[in-house]
1. Would you check if there is a residue in the stretch 88-105 being within 24 Å of Ser138 (Cβ to Cβ), modelled with pLDDT of 95 or more and part of a strand (DSSP E or B)?
2. Starting from residues that are basic (Lys, Arg) and surrounded by fewer than 18 Cβ atoms within 10 Å (Cβ to Cβ), keep the ones in the stretch 244-288 and report whichever is farthest from Pro19 (Cα to Cα).
3. Report every pair of residues separated by at least 6 positions or lying on different chains whose Cβ atoms are under 6 Å apart, first residue within the stretch 17-43 and more than 21 Å from Lys230 (Cα to Cα) and touching a residue at least 12 places away in the same chain (Cβ under 8 Å), second in a helix (DSSP H, G or I) and open to solvent by 30 Å² or more (accessible area, probe 1.4 Å).
4. May I ask you to verify whether Ile51 is among the β-branched types (Val, Ile, Thr), open to solvent by less than 30 Å² (accessible area, probe 1.4 Å), closer than 28 Å to Leu207 by Cα and out of contact with any strand residue (DSSP E or B) (no Cβ under 9 Å at 6 or more places or on another chain)?
5. State all residues of the stretch 71-87 that are touching a helix residue (DSSP H, G or I) at 6+ places or on another chain (Cβ under 6 Å) and surrounded by fewer than 23 Cβ atoms within 10 Å (Cβ to Cβ); if no residue qualifies, say none.
6. Restricting the search to the stretch 103-131, which residues are touching a Gly at 6+ places or on another chain (Cβ under 7 Å) and either open to solvent by 10 Å² or more (accessible area, probe 1.4 Å) or more than 19 Å from Pro19 (Cβ to Cβ) (or both)?
7. Quick check on Tyr236: is it buried (at least 19 other Cβ atoms within 10 Å of the Cβ), hydroxyl-bearing (Ser, Thr, Tyr), farther than 22 Å from Ser138 by Cα and in contact (Cβ under 8 Å) with a residue 24 or more places away in the chain?
8. Kindly check whether there is at least one residue in the stretch 4-11 that is modelled with pLDDT under 95, within 30 Å of Lys169 (Cβ to Cβ) and under 22 Å from the mean Cα position of the chain (by Cα).
Amino acid sequence: MNGDSSSQSKVPPPGVWAPAITFFDPEDELDLDSQAKYYRYLSQHLTGLVILGTNAETFLLTRDERATLLKTARDAVGPDYPIMAGVGGHSTKQVLEYINDAAAAKADYALVLPCAYFGKATTAKVITNFYDEVAAKSPLPIVIYNFPGVCNGVDIDSDVMTELAKKHKNIVGTKLTCASVGKITRLAATFEQSEFAVYGGQSDFLLGGMAVGSAGCIAAFANVIPKTIKHIYDLYSQGKHAEAMKIHRKAALAESLSKSGIANTKYAASLTSAKSAGIEGAEEKLRPRRPYEQPSEATKKDIRGKMEEVMKIEDSL
């Protein structure tokens, strides 16, 4: 498979995906038993999983650890469940190595950030050249990942994505953590969902995105209340817009806690999905990887308060 192929690559299915978080033991090593339980639990409630997304603390992992998590995920969820592998790196060569590792681990798609370590040098031409080469050489379909917050402010224009997707049949979608509903609208006006899947990168604009043609979301908060986010998606898809909006607004208010970083998201998940997955001692296992720190006790109290109402909804589903 390559970007010059005349046949359309498989497009990821619409719905709600979670960029799964990572569990560590007290020595700061991967806790694979907990990880497998967690992947398995999320797979029972969500459309697909992103393994090695931003919320996996991927840039804090070694190449071997990345490959290990992908293998653990595939073993945990079975051969047919959709897996998208985050393959972010700082050079084209690195990214292609990560894509080959993902293919070897039987991932279905590669989620590709632009290389933007040197932000001012990451021009539109650099971005286009990068995705051209990756698409031409990748054994997996490519999903463009636009997240200016982790890419030195580099923000990929919808026109650039359109040009790339029309040129390369194995560029099959995008995750827009830039939160631009305008980009969703333009891309949905250009491509059928069967050609190119456009996902919101957070769940707090899930319905805004769906209203203009998104394929759903790939959202950190789907780690925390997976059943609730999927329920909102399903209600809206069934035409129950008022009911969906009522829950969506409550979830969006709670989701504000995750905007402060991975530590808050992981702590919130320790209260909900990790417990539901049967993981003991989840709070300790969900500390961020060193050198980063867990939330303060005051912040944890605030998170518990913001989560109270949506935890009741999650438990009821």
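1. Checked against the condition, which is being within 24 Å of Ser138 (Cβ to Cβ), modelled with pLDDT of 95 or more and part of a strand (DSSP E or B), the stretch 88-105 yields no hits at all.
2. The residue in question is Lys246.
3. If the second residue must be in a helix (DSSP H, G or I) and open to solvent by 30 Å² or more (accessible area, probe 1.4 Å), the pairs left are Phe23/Lys285; Asp31/Lys285; Ser34/Lys285.
4. no
5. Thr72, Ala76, Val77, Tyr81
6. Those that are touching a Gly at 6+ places or on another chain (Cβ under 7 Å) and either open to solvent by 10 Å² or more (accessible area, probe 1.4 Å) or more than 19 Å from Pro19 (Cβ to Cβ) (or both): Leu113, Cys115, Gly119.
7. When the stated conditions are applied, Tyr236 passes them.
8. Within the stretch 4-11, one or more residues are modelled with pLDDT under 95, within 30 Å of Lys169 (Cβ to Cβ) and under 22 Å from the mean Cα position of the chain (by Cα).
The values are calculated or read from the model by the stated rules, or taken from the named source; none is laboratory data. In this text the structure is predicted, and so the values were computed from the model without any measurement. Every residue, glycine as well, gets a Cβ built from its backbone with ideal geometry; the counts of neighbours run over all protein chains shown. The protein model used for the area step is the full one, side chains on, heavy atoms only, and it has no ligands, DNA or RNA in it. Shrake-Rupley method; radii C 1.70, N 1.55, O 1.52, S 1.80 Å.
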